[in-house]
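Participant: Here you go, one structure.
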Amino acid sequence: YTIKKAEFMLCAAWSSQWPDESLPEVVMAGRSNVGKSSFINTVTNVQGLAKVSSTPGKTRTLNFFNINDEIRLVDVPGYGYAKVPKKMLEQFSEMIDNYLRNRKNLKAMILIVDYRHKPKDDDVTMYDYAKHFGIPVIVVATKEDKLKRNELVKNEKLIKETLDFDPSDHFVRFSSLKKKGVREVWDCILELCEE
Ligand code: GDP
């Protein structure tokens with residue numbers, strides 16, 4: 001898949017401000033600091049694209065990116081902060097719930113996890129959420145470059161076991177550093193967006 005255009009569209013928390021439902025969307029979720037911004041920059045091949053969405057004030061909203069006027073990637077704020085005020089956490093959950101539950105053109109979730117570690121409870125919750133709503137998931141195990149060869153299979157198994165991975169979902173070994181897995185990710189996205 002050739003990226004001819006990748007641009008930040010808008011950020012919006014509530015459905016009244018979301019773009020129309022004319023294009024397929026893929027939502028991206030992951031714990032803060034997992035490497036989600038790097039992932040976005042790497043798959044779009046636009047350095048600094050994800051930075052727009054991490055500027056203050058935009059971190060608690062959904063961020064919509066237009067890819068080739070064909071597909072939208074939707075960035076969800078990173079979860080798993082220890083010190084998020086309860087009120088904010090509730091708003092965050094409500095926003096994501098509203099999006100996952102009601103968005104007609106949502107085709108898939110990309111769940112980004114750290115390939116080195118067992119997924120945390122938050123990751124399992126997010127995966128369960130997607131499964132609950134019948135949303136196909138592409139699990140992207142990032143920072144692959146930090147693993148030793150003998151850990152690749154072992155950690156994939158651990159991640160899948162912890163998530164209670166549905167065999168019809170996708171698992172992609174990814175590294176932003178090595179630009180590994182970009183093609184596989186787009187193959188999965190296109191497959192799911194065409195359905
Ligand atoms: P975010 O908070 O999820 O958006 O995470 P970032 O994309 O900002 O990445 C967090 C840290 O992990 C940064 O220091 C990145 O350089 C590093 N990082 C992200 N992806 C990779 C990767 O694939 N390999 C390695 N070695 N480091 C990575």
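Each reported figure results from applying straightforward, stated rules to the coordinates on display, with no laboratory input. Computed from a predicted model, the values in this text were never measured in an experiment. Don't worry about glycine lacking a Cβ; one is built from the backbone with ideal geometry, like all the others, and counts go over all protein chains shown.
Participant: Once you put a point 7 Å from the Cα of LEU10 and another 7 Å from the Cα of SER93, both along the Cβ direction, what distance in nm separates them?
Facilitator: 2.8
Participant: Would you work out the charge dipole size for the chain about its Cα centre, treating the Cβ of every Lys and Arg as +1 and the Cβ of every Asp and Glu as -1, and quote it to the nearest 20 debye?
Facilitator: 940
Participant: I would also like to ask the following. Which links in LYS4/LYS179; LYS118/LYS148; LYS107/LYS179; LYS87/LYS160; LYS5/LYS179 stretch past 21 Å when you go from one Cα to the other?
Facilitator: LYS107/LYS179; LYS87/LYS160
Participant: Can you tell me how much longer the chain between LYS157 and LYS104 gets when fully stretched, taken as 0.36 nm per residue apart minus their C-alpha distance, in nm with one decimal?
Facilitator: Extra length available between LYS157 and LYS104 comes to 15.8 nm.
Participant: Further question on the same structure: Kindly provide the trypsin sites (Lys or Arg not before Pro) of the range 69-110 that DSSP labels as loop, not H, G, I, E or B, and whose Cβ sees at most 16 other Cβ atoms within 10 Å.
Facilitator: On the way: sites: ARG72, LYS83, LYS86, LYS87, ARG101, ARG103, LYS104, LYS107; in loops: LYS83, ARG103, LYS104.
Hits after loop and neighbour filter: LYS83, LYS104.
Participant: Also, quick follow-up: Excluding same-chain residues fewer than 8 positions from LYS180, which aspartates and glutamates have a Cα within less than 15 Å of its Cα?
Facilitator: Within the straight-line limit of under 15 Å, LYS180 reaches these aspartates and glutamates: ASP114, GLU144, ASP145.
Participant: Amide H neighbours of LYS180 under 5 Å, counting only residues 5+ apart in sequence or on other chains, H built in-plane at 1.01 Å?
Facilitator: Placed amide hydrogens put SER175 under 5 Å from LYS180.
Participant: Under the rule of at least 5 residues apart or a separate chain, name every residue whose amide H is placed under 5 Å from the amide H of ALA13.
Facilitator: The list, which skips near neighbours in sequence, is LEU62.
Participant: Please list, ordered by chain and number, the residues whose modelled amide H lies under 5 Å from the amide H of VAL137; skip anything fewer than 5 residues away on the same chain.
Facilitator: MET109, HIS170
Participant: Gaussian network model of the chain, Cα springs within a sub-10 Å range: biggest mean-square fluctuation belongs to which of LEU158, LEU62, LEU73?
Facilitator: Of the options given, LEU158 has the highest mean-square fluctuation.
Participant: For n ≥ 4 DSSP H runs only, could you compute -39500 (n - 2.57) per run for the chain, divide by its residues and tell me the 222 nm figure to the nearest 500?
Facilitator: Helix contribution divided over all residues of the chain: -10500 deg cm²/dmol.
Participant: Using per-residue counts of other Cβ atoms within 10 Å, averaged over each peptide, order 64-70, 166-172 from highest down.
Facilitator: Order by mean packing, descending: 64-70, 166-172.
Participant: What FRET efficiency comes out for the pair GLN47/GLN17, r = Cβ-Cβ distance, R0 = 30 Å, nearest 0.05?
Facilitator: Calculated value: 0.65.
Participant: How much length is gained on full extension from LYS146 to GLU70, taking 0.36 nm per residue of separation minus their Cα-Cα distance?
Facilitator: 24.0 nm
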